[in-house]
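Working notes, structure below.
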Amino acid sequence: MPLTFIDIEKQKTWRIWIFLLVLIVLYFAVILACALPFFPHAAAISTQFLFSALLIALAAAGTHFWFSASDTVATVLQGLDAQPPDSKDAVHQVLINVMQEMHTVTGNKRRIRCAVIPTLSLNALAAADLKGNAVIAITEGLLSKLSRPQLESVVAHEANHVLAGDCLETTVAASLFGTLSAFVDKITDTSRGRSFFHPAFFLAWLLLFLSNLLNMFISREREYRADAAAVRMTRNPIALAETLHLLSRGWRGAGFIGSGYEMLCIVNPNAAMLDESEGFWADLISTHPPIRKRIDILLRMAHMSIAELKARTAVKTSQITESFPPSFFAMNPQQQWQGPFTLPELSALPWLSPLTWITNGDKQAAERAWKQPLINAIFVSQLSQDDKTASDFTCPVCRQPLRMETYEGTQIYQCLFCAGTLVDTPKIPRILARAGRDQPCSERIKALACSVQKENQIRFTRQKLTGTGKSPVPLYPCPKCKNPMYRGFYSGAYLVEIDRCSLCGITWFDQDELNMLQCLTTPADPQTS
C-alpha cells in the first residue's frame, strides 16, 4: 500500500446520509411486508397507503437514527459494560498517562475519553457520536499484556479513527444496524434450526446484509490508514506489529463483543478465513484486512523479519509474566478447590499432576493442567530432572513424554505421572510368562484383580444376554500414530480392559492393569494352595 495513505482523509458525511436512506428503505419494506397479507392483490394497494407507509417509515427511521446515533458512545459503553480506568490501579494508570500524552501530541484537537472493558479477551475499539463524544476502549486482557510502547501504538491507531472522522460513520452504522443484527441473531437462536418464512423477517435480514456491505466496502482501507498514522505518530512500527501478532493468537472477544460492534474493533472479534483472504469478494465482505498483511507492511517499515518479531514477542511475554505472576486454583484429590496459587506454589503441591483440574478463577472454564502451557512446563521440568530417559512417545492420558524402563527383563515405556505403561504387543506374552520371577503379586493387586475379573464377568454376561452394547468411553489416541485405540478385554479368559492399536502393534495399560493381568495369568503356588 502506498505510504500516501498516511495522509488521513476527512470524514465523508454523505455515507451517513446513505445509512439513513437505507434505514428508511428498511422500515418501508418491513411495513409493506407486514401489510401484504391484508391485500389479496398487489393492485389493491392504493397510492394513499403507500404515502402513509412512507411517512411512517420516515418518522420511524428518523426516530431510530436520532436515538441510535446521537448518544452512541454511551450505548456502546453500556453494551460492553466498559468502565473508566481506575486511577488507583497501576496498570490502568498507564492507560490514563498514555491518553494524556496522546492529547498533547495531537494538540487537543479532540477530547477523547478512555475506558476498560472487563473481559479477558484481547481487543480494542473506538467510538464517536453526533454529540461530539468519543471514546477509546481496551479490554482488560489486552491492557494487562501490552507494554507501554505497544499500548501507545494501539491508542494512536484508535485515536486516528476518531481524528480522521471515519470512526463516526462506523459507529453510526454499528448503532443503527447493530440492534437489527442482535434481533436477527436472537430470532435465529430462538428458531433452533426452524426457518421463518414471513416476508418481514426475510427482508429485515436481506436489508441488514446490504447495509453491512455498504460499510464493509471501506473497512480495509480505513484500517491500513490507521496503522500508517499510528506509525507516524509513535515512530514505532514494531510495537504495533507485536500487538497485532499478539491479537492474532488470542481470544479476541467472540461471544462477548456483539456482532454489531466488530466494525469498531482493531481486529475482528470473530476470526474467519475470509479475514485473512484477499481479492474483490474478501475486500467487499470482510470487516478487517488480513492481520498477516498488516504485520508484513509494518515489518517492512522496520526492516525486520517475522522470525525476529516472534523472538522479540517471546522475550517480552516472559518479562510480562514475571512482572505480573498469574494465579491459579487447583482441585485436590478430595475434589475440593484450593488456591489461589502462583506457579512456584503450584509446582510445590505434592498432588499436582497433568490431570489436575485448573482454573484462574475469572470465569474461565476449568481444564486439565497439561492443557495450560505455563503449568505444563512444570511437568516438563520434572521430567528433565528425572534420571530416566525420555522417549518420543507421549502418554495418551497426561500428554507427557514416556520414560524408557526395563521391566521383567524387557523394555517398556512408563508415565511418571499416571503410572500407565506402553508395551509392544508382541512383548506382552514374555512379560506375563515372567510374572512373579522378581517379586510376587502383592495382596492389593491380587484383591483388585479378583474384584475386576468378577465385575467384568458379570457385565460381560449381562451384555451377552440383553444384547446391549458397552457404555461409551473416551478412546485414547495412540502414542505413535495418534489414531484412536480400541479398548477391550485382553482375552475372553482374562477380563482386564486394555487399549490396543492394531496399526502400530502397541498396547496401553492404565495404572495397575498390567500387574492385574500378570496376577491373573500366574498359576497358583502348589505349596500355598
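The values are calculated or read from the model by the stated rules, or taken from the named source; none is laboratory data. These numbers were taken from a predicted model, which means no experiment stands behind them. Heads up, the Cβs are rebuilt from the backbone with ideal geometry, glycines too, and the neighbour counts pull from every protein chain shown. Just so you know, the surface numbers come from the protein's heavy atoms only, side chains and all, with ligands and any DNA or RNA stripped out. Shrake-Rupley method; radii C 1.70, N 1.55, O 1.52, S 1.80 Å.
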Of everything in region 106-125, what is part of a loop (DSSP other than H, G, I, E, B), in contact with a Phe, Trp or Tyr (Cβ under 8 Å, 6 or more places away or on another chain) and not polar (S, T, N, Q)? Give them in sequence order.
Leu120, Leu122
Given the structure, is Gln400 among the polar types (S, T, N, Q) and closer than 30 Å to Gln372 by Cα?
yes
Can you pull out the residues in region 489-515 that are outside any loop (DSSP other than H, G, I, E, B) and either closer than 22 Å to Ala435 by Cα or charged (D, E, K, R) (or both)?
Phe489, Glu497, Ile498, Asp499, Arg500, Ile506, Thr507, Trp508, Phe509, Glu513, Leu514, Asn515
Out of Arg430, Arg459, Arg444, which single residue is charged (D, E, K, R), open to solvent by 40 Å² or more (accessible area, probe 1.4 Å) and either touching a Phe, Trp or Tyr at 6+ places or on another chain (Cβ under 7 Å) or at pLDDT below 85 (or both)?
Arg459
In region 98-126, residues that are open to solvent by less than 50 Å² (accessible area, probe 1.4 Å), over 21 Å from Ala271 (Cα atoms) and at pLDDT below 90 total 3
Of the conditions (1) modelled with pLDDT of 80 or more; (2) open to solvent by less than 40 Å² (accessible area, probe 1.4 Å), Ala435 fails just one. Which one is it?
(1)
Would you confirm whether any residue within region 40-58 is at pLDDT 80 or above, of a type in the set (A, V, I, L, M, F, W, C) and under 34 Å from the mean Cα position of the chain (by Cα)?
no
Hey, does region 130-141 have a residue that's under 23 Å from the mean Cα position of the chain (by Cα) and assigned to a helix (DSSP H, G or I)?
yes
Those residues of region 409-461 which are among the acidic types (Asp, Glu) and in a helix (DSSP H, G or I), in sequence order
Glu443, Glu455
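In region 353-377, which residue that is surrounded by 11 or more Cβ atoms within 10 Å (Cβ to Cβ) and farther than 20 Å from Pro396 by Cβ is farthest from the chain's Cα centre (by Cα)?
Of everything passing the filter in region 353-377, Ala377 is farthest from the chain's Cα centre (by Cα).
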Residue ID - surrounded by the fewest Cβ atoms within 10 Å (Cβ to Cβ), chosen from residues in region 408-427 that are among the β-branched types (Val, Ile, Thr) and in contact with a Cys (Cβ under 9 Å, 6 or more places away or on another chain)
Thr425
Identify, please: which residue in region 142-156 is in a helix (DSSP H, G or I) and among the small types (Gly, Ala, Ser) and is, among those, most open to solvent (accessible area, probe 1.4 Å)?
Ser144
Please go through region 240-293 and give me each residue that is of a type in the set (A, V, I, L, M, F, W, C), more than 20 Å from Ala82 (Cβ to Cβ), part of a helix (DSSP H, G or I) and modelled with pLDDT under 85, ordered by number.
Met273, Leu274, Phe280, Trp281, Ala282, Leu284, Ile285
Output the residue which, of all residues in region 363-377 that are part of a loop (DSSP other than H, G, I, E, B) and small (Gly, Ala, Ser), is modelled with the lowest pLDDT.
Ala365
